[in-house]
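Visitor: First the structure, then my questions, so here it is.
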Amino acid sequence: MKTLTEFTALQIKNAAKTKQDLITAGKTPEELPQALGEALKIEGDKLNFLINALDLPMQKTSDLKRVIVMALGEGEQVPSNAAQKGEQVYVAEYYAPLHGATPPQKAGHGEIAEADAVDAAVPAGARMIAATKRAADRAEARVKTALVLERVRPNAR
């Protein structure tokens, strides 16, 4: 495959906004390519590639990195992540999702979510008292365990 051109996400978003503005202004579908070319200062094949790229079904424009326009060589097949329009192949590349962007667990699913749901319903002072009590209970359990071990194995130290 040979890369013919590429459009950044910013170019795609600006072109989509300009196209929408031109449609709102009353441009007909026949006038739209010429008006879009004049507004974006693009002409020729690059304008045709951009118009075709705008017509691609892109579900995640917020994560879009770029759209690459390529020509297939003899015997080459269209990749699974690409769309073909005419003789050109359009590949939309996306940024990887951020790891911190995962939604929090819903209440009732797992210990952390249950604790968060309880904490949200309890005032801060009460949460601090409960946390202190849990820490004291753990410390008491460690002391009891040490005493039992001391009786079982008096010379273990």
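Values in this text are rule-based calculations from the coordinates and carry no lab data. Everything numeric in this text was worked out from a predicted model, so none of it was measured. Glycine gets a Cβ as well: all are built from the backbone with ideal geometry, and neighbour counts include every protein chain shown.
Visitor: Tell me which of these Pro33 doesn't satisfy, since it passes every other one: (1) closer than 22 Å to Ala83 by Cα; (2) surrounded by 14 or more Cβ atoms within 10 Å (Cβ to Cβ); (3) in contact (Cβ under 8 Å) with a residue 24 or more places away in the chain.
Guide: That leaves (3) as the condition not met.
Visitor: A further question on this structure: Which of the residues belonging to the range 66-81 are more than 29 Å from the chain's Cα centre (by Cα) and of a type in the set (Gly, Ala, Ser)?
Guide: Listed by number, the residues that qualify are Gly73, Gly75.
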